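Values in this text are rule-based calculations from the coordinates and carry no lab data. Since the structure is predicted, the reported quantities are computational estimates derived from the model, not experimental observations. Glycine gets a Cβ as well: all are built from the backbone with ideal geometry, and neighbour counts include every protein chain shown.
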Amino acid sequence: MKAVVSVIGKDNVGILAKVANICSEYNGNVTEVTQSVLDDVFAMIMLVDITKLNKPLSELSDSMTKLGKDLGLSIHVMHEDIFNSMHRI
């Protein structure tokens with residue numbers, strides 16, 4: 001099982017590290033990352049293996065939401081099944 005983590009906001013030092021750190025605190029394994037900076041807007045999508053999480057996905061999502069608020073970013077965590085269902089034609 002995987003989760004999709006998306007991050008959008010004003011670019012700043014350490015965004016990727018802070019998001020990855022929270023993943024590791026929950027025993028989530030970051031398997032893929034893509035990021036871009038357009039002017040000063042940071043955009044990142046991260047795939048996280050959640051098969052060995054030590055807490056529920058909802059708690060990981062809440063921690064990411066809090067981090068986003070603290071950093072002035074929009075951070076969303078979505079289970080891959082929901083992501084795939086939303087993007088299926």
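Summary of values
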| item | result |
| --- | --- |
| Within the chain, trypsin sites (Lys or Arg not before Pro) in DSSP loop having at most 12 other beta-carbon neighbours inside 10 Å | LYS52, ARG88 |
| Compactness relative to 2.2 N^0.38 Å, alpha carbon Rg of the stretch 41-89 | 1.27 |
| Under 15 Å, Cβ to Cβ, from SER36 - net charge with Lys/Arg +1 and Asp/Glu -1 | -3 |
| Residue among SER58, LEU38, ILE8 farthest towards the positive dipole end of the stretch 2-79, charges placed on Cβ | SER58 |
| Stokes-Einstein D in µm²/s, Kirkwood radius over Cα pairs - the chain at 20 °C with 1.002 mPa s viscosity | 163 µm²/s |
| Electrostatic dipole magnitude of the chain [Cβ: Lys, Arg +1; Asp, Glu -1; Cα centre; debye, to 20] | 160 debye |
| Helix-only mean residue ellipticity at 222 nm for the chain, each DSSP H run of n ≥ 4 adding -39500 (n - 2.57), per residue, nearest 500 | -11000 deg cm²/dmol |
